[in-house]
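The values are calculated or read from the model by the stated rules, or taken from the named source; none is laboratory data. Source: prediction; values computed, not measured. Note that we place each Cβ from the backbone using ideal geometry, even for glycine, and neighbour counts take in every protein chain shown.
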Amino acid sequence: MLYINNLNVELENEKKKILNGVNLDINAGEVHAIMGPNGSGKSTLSYVLSGKDGYRVTEGSATFEGREILELSPDERASLGLFLAFQYPVEIPGVGNMTFLRTALNSQRKSRGVEELSAAEFLKIVREKAKNLKIDAEMLKRPVNVGFSGGEKKRNEILQMAMLEPKMCILDETDSGLDVDAMKLVAEGVNALRSKDRSFLVITHYQRLLDHIVPDVVHIMADGKIIKSGGADLALEVENNGYSDLLAEYN
Amino acid sequence: MPKTNLTEQKISSYSLPTEASWAIKSRKSALNWLETTGLPNRRDEYWKNTDPSYFNTIKKPERNKIDYVENSIFENIDRINIVFEDGYFNASKSDELLLKGIEIDTISVANQKDNHWSANYFGVLEKSSQVPVERTLASLNTAFAVEGLAIRITDKIDKPISITYLHTNDTSDVLIHHVIKIEKNASVTILESGGVASRSNCLMEVFVCENAEFDHVRVQGRSHEKIAVTHLFANLLKDSSMKSFTLTVNGKSIRNEYVVDINGENSKAHLGGAAVGDRGFSQDDTIFVSHNNPNCESRQVFKKVLRNGAKGVFQGKILVKDGAQKTDGYQISQGLMLDDDSSFLAKPELEIYADDVICSHGSTCGEIDNAALFYLTSRGIPMAEAQDMLVLAFLNDAIEEISDESIRTIIGSRLKDWMVKRHKS
């Protein structure tokens, strides 16, 4: 599904290298987790994959669904089925959450040549999905993320994911800022979307989230590259011993 | 050209109409003020950022045909329809004006009558608004405008009165002067739309009596060549309220002046404006709100979206007089620049002589929020559409100042249509 080959990235404005040859293959239906200390390049990887400005790819490639995506605009990548759940969802005053969701969904449908949903059809679907995530009608009416609590913002991200039905979901520290109950709710939302055709890349600092979203593969990232990969128990090892042993081993 | 010569020449291109003695008196008084004070020039404090020569020159501006016969944006709502064509009231295109609770005459008729109700109101607010800042383009209007309406509202009027200014001919230099009085406990919504003329000078004096309500929504025609100056003078008595919103899209130079005098307790005045323009666009809102009594509220919410070298000007003042305690005054002006060539010049002013008031003003100038743009595009929304969403979101606070939801929706969707057309053109 997503194949990243020797990806090297630096900041556009300063010659600072962030990613130093990332290799990662994610097949359909797999859940991969990336863990790593602060500043290891985890979030940068998610931004570069989804097309955020400010980074320069100096080497390497990323193919998604058979297409080289690094040259595509963010909306083109989204329409191919790539989704990034933001660590810090952006507040957009003046844009209603519903309008935003419907515009996004219909833009993607249009780009795929699928008929756009009518307001009534859309409303029916969004109400049902929102209910599962305990998002009430009032929250749907408010401007995007404005005045949302940390938990509400993350649930809103999962709602978008559920509505857009992407093939590849990247979750950037979705557990940050969540209490245990909120994390469970978000994890349930994610698990409900797991299927043999949909893959996940879960970026997290802590093993906690991985108790709820059990990964097939865990990668440890440091210094802009993946230094170790293993099964779900690798996350437990990190939780118990910290990153220092792994980093010492790598150095 | 020296100020006096220019003013003399300008005056000589008009003549005073023959009317009832009260009207002649008002016009002569305005003319006298204009002669002694002179038309504005760049050295005047409130004309530093907008070139007054667009409005002053004797030479008529270039003709333009872009907004000829643009249908009223309000045509699909149930309304009392009044049409002006090239600056003149057109009775055959307007609805019957004999309505319960409404008295309407054109000023050309009203000013002939010795005992018309407007005798005590025509030119009165224009005159009182000349101090401390001279507004001689308004004096010019009072002296020479022969068209406009005298509207007296004596009841709560459900249907809005819609005034459409058709521009069907190569017309310029149209002067229009309205006098509106909303009697005690009465209310009305006035809608204005259309291009008026290639150069226009429109003035509205509004008297809002006790417990009366005045709602005003104005959409200025969208010709790129349009030159327009407007004055809205309002006087509010106790327990009354006014709301005025203006949408300006395109134009060469548009200056909208407001003078609002709050002369009774528990009154509210809300002013809002949204302006969108590019290239030679220069749009100016110059506002003076005076709190003369306690327990009143005023808001000024003005937003401008500027592109390709456009210029936005905001000069807004809140004056709180001694004794006007518990005043709640708010003012925000914001410019959104879509490129590096545009400019937004803001002069927010507060002058407060009472000690127990809440007054705030803010002014910002910025570009599109890149984080928000990435968020929207990362969900599959194409860049151009995402930008439009953010532009509309930026203007939304000003549009929210319109109290009627259906009118608010019309304004929002018209703005959206224009943006989509812009991408296609």
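So if I check each of A:134, A:124, A:52, A:129, which one is more than 9 Å from chain B (Cβ to nearest Cβ), surrounded by 18 or more Cβ atoms within 10 Å (Cβ to Cβ) and among the basic types (Lys, Arg)?
Details: A:134 fails: surrounded by 18 or more Cβ atoms within 10 Å (Cβ to Cβ); A:124 fails: surrounded by 18 or more Cβ atoms within 10 Å (Cβ to Cβ); A:52 fails: more than 9 Å from chain B (Cβ to nearest Cβ).
Result of the check over A:134, A:124, A:52, A:129: A:129.
Can you find a residue that is β-branched (Val, Ile, Thr) and over 16 Å from residue B:151 (Cβ atoms) anywhere in the stretch B:181-194? Lay out the reasoning, then the answer.
First, pick out the residues of the stretch B:181-194 that are β-branched (Val, Ile, Thr): B:182, B:188-190.
Still in the running and over 16 Å from residue B:151 (Cβ atoms): none.
Looking through the stretch B:181-194, none of the residues is β-branched (Val, Ile, Thr) and over 16 Å from residue B:151 (Cβ atoms).
Out of curiosity, is residue A:101 buried (at least 21 other Cβ atoms within 10 Å of the Cβ) and either under 18 Å from residue B:373 (Cα atoms) or free of Cβ contacts under 8 Å to residues at least 24 places away in the same chain (or both)?
On the way: buried (at least 21 other Cβ atoms within 10 Å of the Cβ): yes; either under 18 Å from residue B:373 (Cα atoms) or free of Cβ contacts under 8 Å to residues at least 24 places away in the same chain (or both): yes.
Yes.
Looking at the stretch B:388-399, which of the residues that are without any contact (Cβ under 8 Å) to a residue 24 or more places away in the chain and either of a type outside the set (Gly, Ala, Ser) or touching a Cys at 6+ places or on another chain (Cβ under 9 Å) (or both) is farthest from the other protein chains (Cβ to nearest Cβ)?
Quick first cut of the stretch B:388-399, residues without any contact (Cβ under 8 Å) to a residue 24 or more places away in the chain only: B:389-390, B:393, B:396.
Those left that are additionally either of a type outside the set (Gly, Ala, Ser) or touching a Cys at 6+ places or on another chain (Cβ under 9 Å) (or both): B:389-390, B:396.
On the way: B:389: 6, B:390: 7, B:396: 4 Å.
Step by step, filter the stretch B:388-399, then rank; the result is B:390.
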Report task. State yes or no: is residue B:136 β-branched (Val, Ile, Thr) and crowded, with 22+ Cβ neighbours inside 10 Å? Result -> yes
Query raised in the report: So which residues in the stretch B:84-107 are surrounded by fewer than 18 Cβ atoms within 10 Å (Cβ to Cβ) and part of a helix (DSSP H, G or I), if there are any at all?
Result: none
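Which count do you get for residues in the stretch A:142-153 that are within 14 Å of another protein chain (Cβ to nearest Cβ) and not polar (S, T, N, Q)?
Qualifying residue count, the stretch A:142-153: 6.
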Requested in this report: Please specify each residue of the stretch B:370-384 satisfying the condition of being surrounded by 17 or more Cβ atoms within 10 Å (Cβ to Cβ) and at the interface with another protein chain (Cβ under 8 Å from one of its Cβ atoms).
Outcome: B:372, B:374, B:375, B:376, B:377, B:378, B:379, B:380, B:381, B:382
Query raised in the report: Condition test on residue A:118, is it of a type in the set (Ser, Thr, Tyr), farther than 17 Å from residue A:178 by Cβ, more than 10 Å from chain B (Cβ to nearest Cβ) and out of contact with any Leu (no Cβ under 7 Å at 6 or more places or on another chain)?
Result: yes
Query raised in the report: Only one of A:234, A:185, A:171 is farther than 27 Å from residue A:116 by Cβ, in a helix (DSSP H, G or I), touching a strand residue (DSSP E or B) at 6+ places or on another chain (Cβ under 7 Å) and touching a residue at least 12 places away in the same chain (Cβ under 8 Å); which?
Result: A:234
Query raised in the report: What is the number of the single condition among (1) without any contact (Cβ under 8 Å) to a residue 12 or more places away in the chain; (2) of a type in the set (D, E, K, R); (3) in contact with a strand residue (DSSP E or B) (Cβ under 8 Å, 6 or more places away or on another chain); (4) over 29 Å from residue A:25 (Cα atoms) that residue A:141 does not meet?
Result: (1)
Query raised in the report: Can you name the condition, by its number, that residue B:216 falls short on among (1) within 25 Å of residue B:40 (Cα to Cα); (2) in a strand (DSSP E or B)?
Result: (1)
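Got at least one residue in the stretch A:162-175 being among the polar types (S, T, N, Q) and either within 14 Å of another protein chain (Cβ to nearest Cβ) or out of contact with any helix residue (DSSP H, G or I) (no Cβ under 7 Å at 6 or more places or on another chain) (or both)?
Here is the first cut: in the stretch A:162-175, the residues among the polar types (S, T, N, Q) are A:174.
From what's left, either within 14 Å of another protein chain (Cβ to nearest Cβ) or out of contact with any helix residue (DSSP H, G or I) (no Cβ under 7 Å at 6 or more places or on another chain) (or both): none.
No.
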Report summary line: Of the listed residues (B:154, B:136), the one being under 17 Å from the mean Cα position of the chain (by Cα) and modelled with pLDDT of 95 or more is B:136
Report task. Mind listing whichever residues of the stretch B:373-407 are part of a helix (DSSP H, G or I) and touching a Phe, Trp or Tyr at 6+ places or on another chain (Cβ under 9 Å)? Result -> B:374, B:375, B:376, B:386, B:389, B:398, B:399, B:407
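Among the candidates A:36, A:41, A:29, A:21, single out the residue that is away from chain B (no Cβ under 14 Å), surrounded by 19 or more Cβ atoms within 10 Å (Cβ to Cβ), out of contact with any helix residue (DSSP H, G or I) (no Cβ under 6 Å at 6 or more places or on another chain) and within 29 Å of residue A:240 (Cα to Cα).
Details: A:36 fails: out of contact with any helix residue (DSSP H, G or I) (no Cβ under 6 Å at 6 or more places or on another chain); A:29 fails: surrounded by 19 or more Cβ atoms within 10 Å (Cβ to Cβ); A:21 fails: surrounded by 19 or more Cβ atoms within 10 Å (Cβ to Cβ).
Just a single option satisfies the conditions, and that option is A:41.
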Query - Test for residue B:335: is it within 14 Å of chain A (Cβ to nearest Cβ) and free of Cβ contacts under 8 Å to residues at least 40 places away in the same chain - result: no
Query raised in the report: Limited to the stretch B:191-213, what total is found for residues that are crowded, with 24+ Cβ neighbours inside 10 Å, outside any strand (DSSP E or B) and of a type outside the set (Ser, Thr, Tyr)?
Result: 4
Requested in this report: Assess whether residue B:230 counts as being of a type outside the set (Asp, Glu), assigned to a strand (DSSP E or B) and over 22 Å from residue B:409 (Cβ atoms).
Outcome: yes
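Here's the yes/no breakdown for (1) basic (Lys, Arg); (2) crowded, with 24+ Cβ neighbours inside 10 Å; (3) outside any strand (DSSP E or B):
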site	(1), (2), (3)
B:260	no, yes, no
B:274	no, yes, no
B:280	no, no, yes
B:283	no, yes, no
B:290	no, no, no
B:294	no, no, yes
B:298	no, yes, no
B:301	no, no, no
B:305	no, yes, no
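Of the residues B:47, B:22, B:33, which is surrounded by 13 or more Cβ atoms within 10 Å (Cβ to Cβ), among the aromatic types (Phe, Trp, Tyr) and more than 26 Å from the chain's Cα centre (by Cα)? Walk me through it before giving the result.
Details: B:47 fails: more than 26 Å from the chain's Cα centre (by Cα); B:33 fails: more than 26 Å from the chain's Cα centre (by Cα).
Going through B:47, B:22, B:33 in turn, the sole match is B:22.
Just the residues that are away from chain A (no Cβ under 14 Å), under 26 Å from residue B:49 (Cα atoms) and either among the small types (Gly, Ala, Ser) or surrounded by fewer than 16 Cβ atoms within 10 Å (Cβ to Cβ) (or both), please, taken from the stretch B:342-369.
Our first condition is that a residue be away from chain A (no Cβ under 14 Å); within the stretch B:342-369, this holds for B:342-363, B:365.
Then keep just the ones that are under 26 Å from residue B:49 (Cα atoms); that gives B:342-352, B:359-363, B:365.
Hits for the stretch B:342-369 are B:342, B:343, B:346, B:349, B:350, B:351, B:360, B:362, B:363.
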Query - Some residue of the stretch B:158-174 being touching a Phe, Trp or Tyr at 6+ places or on another chain (Cβ under 9 Å), part of a helix (DSSP H, G or I), surrounded by fewer than 24 Cβ atoms within 10 Å (Cβ to Cβ) and in contact (Cβ under 8 Å) with a residue 60 or more places away in the chain - result: no
Requested in this report: Provide a single number: the residues in the stretch B:338-372 that are farther than 30 Å from residue A:88 by Cα and part of a loop (DSSP other than H, G, I, E, B).
Outcome: 7
